[in-house]
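Step one of this worksheet: look at the structure below.
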Amino acid sequence: MLGPAILAASRSDKMRRIVSAAPVTKPVVNRFIPGETVDQVIPIVEDLTAKGLEVTLDVVGEDITTVEQSHAARDAYLQLIEQLAHLGLGETAEMSVKLSMFGQALEGGHELALANVRPVVEAAAAIGTTVTLDAEDHTTLDSMFAIHEELRRDFPQTGCVIQAYLFRTEADARRLAAAGSRVRIVKGAYKEPAEVAYQDKAEIDKAYVRILKILMDGAGYPMIGSHDPRLIAIGQELARKAGRKLDEYEFQMLYGIRSEEHLRLAAEGHRMRVYTAYGTDWYGYFMRRLAEKPANLLFFLRSMITKN
């Protein structure tokens, strides 16, 4: 019941000010966002990869209002790629981008976002890695998928994200489950109306399994974005039934959540990628982490109580 309220708060300037000013916020945010600068996050990348984990890096920031901000987002990713080049990790360290950060919602936003993301994808390919386009609310998806298709003409390894709670996603999965595609499936973390999305958790879980089966039975590369132990076990079983080897799919989980499970899956030979966000504009990302899982909210509230 709290999830929709928290998601609404993620768009509230008043709540942004209240949460940002709370003295306990920063220590809790650090659990999910380990740094504000690329220099702070690179040691995290080195530590995770030394443990046999892979990473996808997200420079947090959404709802930009100017073209200049979209260019700054592009440049932040180019700076990240320049630093990753020195590590020589290749596809072990990829990137995730939100097209809203690249200007998708501005006037002429589709063309602007494509123009901003293309040099990032080119630079990533030059160091042997790739980019995944994150899914945002349902009104942005046609543009995201069109940009994804355009980028894949020159960079077929470019990935995208689909969200199980949307009614459209089964059809999207069938279209995307083709040779060479890379598709991350998540439950979904935006407040969506009942006209376009399942609202019941059990229905979302059922949809997740149906869609994951489509991806596993297809010719692409599925990326299982979930912390749910049951869905992880189902993913392993679907992969087995589809005859997939351990390197023909991967698991993805957020930095700071179920870290021991990251290591367990990697120790079993699975590809396990940690979604690691960094940056100063952390509020929207942080609030969605609270909305996704009650335990995250309880962790935050307990911290507020014990610190006051």
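The values are calculated or read from the model by the stated rules, or taken from the named source; none is laboratory data. As the structure is a computational prediction, the values presented were derived from the model and not from experiment. Please note: Cβ atoms are built from the backbone with ideal geometry, for glycine as well, and neighbour counts cover all protein chains shown. Side chains included, ligands, DNA and RNA excluded: accessible areas come from the protein's heavy atoms. Shrake-Rupley method; radii C 1.70, N 1.55, O 1.52, S 1.80 Å.
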Going through the stretch 116-134 one residue at a time, which ones are part of a helix (DSSP H, G or I) and open to solvent by 10 Å² or more (accessible area, probe 1.4 Å)?
-> R118, P119, E122, A123, A125, A126
Before we move on, is I42 open to solvent by less than 50 Å² (accessible area, probe 1.4 Å) and without any contact (Cβ under 8 Å) to a residue 60 or more places away in the chain?
-> yes
Would you be able to say whether some residue in the stretch 154-168 is part of a loop (DSSP other than H, G, I, E, B), aromatic (F, W, Y) and open to solvent by 50 Å² or more (accessible area, probe 1.4 Å)?
-> yes
Matching entry among E261, E250 (being modelled with pLDDT of 95 or more and more than 23 Å from C160 (Cα to Cα)) | E261
The one condition in (1) among the aliphatic types (A, V, I, L, M); (2) open to solvent by less than 30 Å² (accessible area, probe 1.4 Å); (3) under 21 Å from D247 (Cα atoms) that V186 fails to fulfil | (2)
Which of the residues belonging to the stretch 47-104 are open to solvent by less than 20 Å² (accessible area, probe 1.4 Å) and assigned to a strand (DSSP E or B)?
-> V55, T56, L57, D58, V59, A93, E94, M95, S96, V97
For the stretch 262-280, name all the residues that are assigned to a loop (DSSP other than H, G, I, E, B) and under 18 Å from the mean Cα position of the chain (by Cα).
-> G279, T280
Evaluate the following for A21: is it of a type outside the set (D, E), modelled with pLDDT under 85 and farther than 25 Å from R184 by Cβ?
-> yes
Scanning the stretch 201-219 residue by residue, those of a type in the set (G, A, S) and open to solvent by 10 Å² or more (accessible area, probe 1.4 Å) turn out to be A202, G218, A219
If we scan the stretch 90-100, do we find a residue that is of a type outside the set (S, T, N, Q), farther than 28 Å from D247 by Cα and under 19 Å from the mean Cα position of the chain (by Cα)?
-> yes
Somewhere in the stretch 42-64, is a residue basic (K, R) and either touching a His at 6+ places or on another chain (Cβ under 7 Å) or within 19 Å of M272 (Cβ to Cβ) (or both)?
-> yes
Would you mention how many residues in the stretch 222-261 are under 25 Å from A189 (Cα atoms) and outside any helix (DSSP H, G or I)?
-> 17
